[in-house]
Amino acid sequence: MEITIKATNQITELDGVPCRVWEGTTVGGVKCHVFVHRLAVHNDADSSEFDAALKAMPAPRYVTLDRVLR
């Protein structure tokens, strides 16, 4: 399966672990949510673009899981 995802400013908790909510769409057009606990750039990679994009994101806000899935 292949999906394209975009980060939101929402954070929720799954099994006691905070996760950022990402919105996704499959190649076939099915919308979905992705819950990301950690995301890392490989040690050998230049992470400057990644770091800048992360800092440019709006401050996260906590939401309940049921609110995300509405």
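Here are some notes:
- Odd one out for Asp15, checked against (1) surrounded by fewer than 10 Cβ atoms within 10 Å (Cβ to Cβ); (2) among the acidic types (Asp, Glu); (3) touching a residue at least 12 places away in the same chain (Cβ under 8 Å): (3)
- Within region 1-27, being within 18 Å of Arg61 (Cα to Cα), over 8 Å from the mean Cα position of the chain (by Cα) and hydroxyl-bearing (Ser, Thr, Tyr) holds for one residue alone: Thr12.
- From the options Val21, Val63, Val68, Val41, residue that is surrounded by 10 or more Cβ atoms within 10 Å (Cβ to Cβ), out of contact with any Lys or Arg (no Cβ under 9 Å at 6 or more places or on another chain), on the phi < 0 side of the Ramachandran plot and modelled with pLDDT of 95 or more: Val21
- When we screen Gly24, Gly29 for residues that are without any contact (Cβ under 8 Å) to a residue 24 or more places away in the chain and not in a strand (DSSP E or B), the only hit is Gly29.
- Scope region 1-42; condition charged (D, E, K, R) and either closer than 19 Å to Ala53 by Cβ or touching a Leu at 6+ places or on another chain (Cβ under 9 Å) (or both); matching residues: Lys6, Glu13, Arg20, Glu23, Arg38
- Residue pairs meeting the criteria (Cβ under 8 Å; at least 6 apart or on separate chains; first assigned to a helix (DSSP H, G or I), in region 47-64; second surrounded by 10 or more Cβ atoms within 10 Å (Cβ to Cβ)): Phe50/Val41
- Lys6 being part of a strand (DSSP E or B) and surrounded by fewer than 10 Cβ atoms within 10 Å (Cβ to Cβ): yes
The values are calculated or read from the model by the stated rules, or taken from the named source; none is laboratory data. If you're wondering where the values come from, they're calculated on a predicted model, not measured in any experiment. Every residue, glycine as well, gets a Cβ built from its backbone with ideal geometry; the counts of neighbours run over all protein chains shown.
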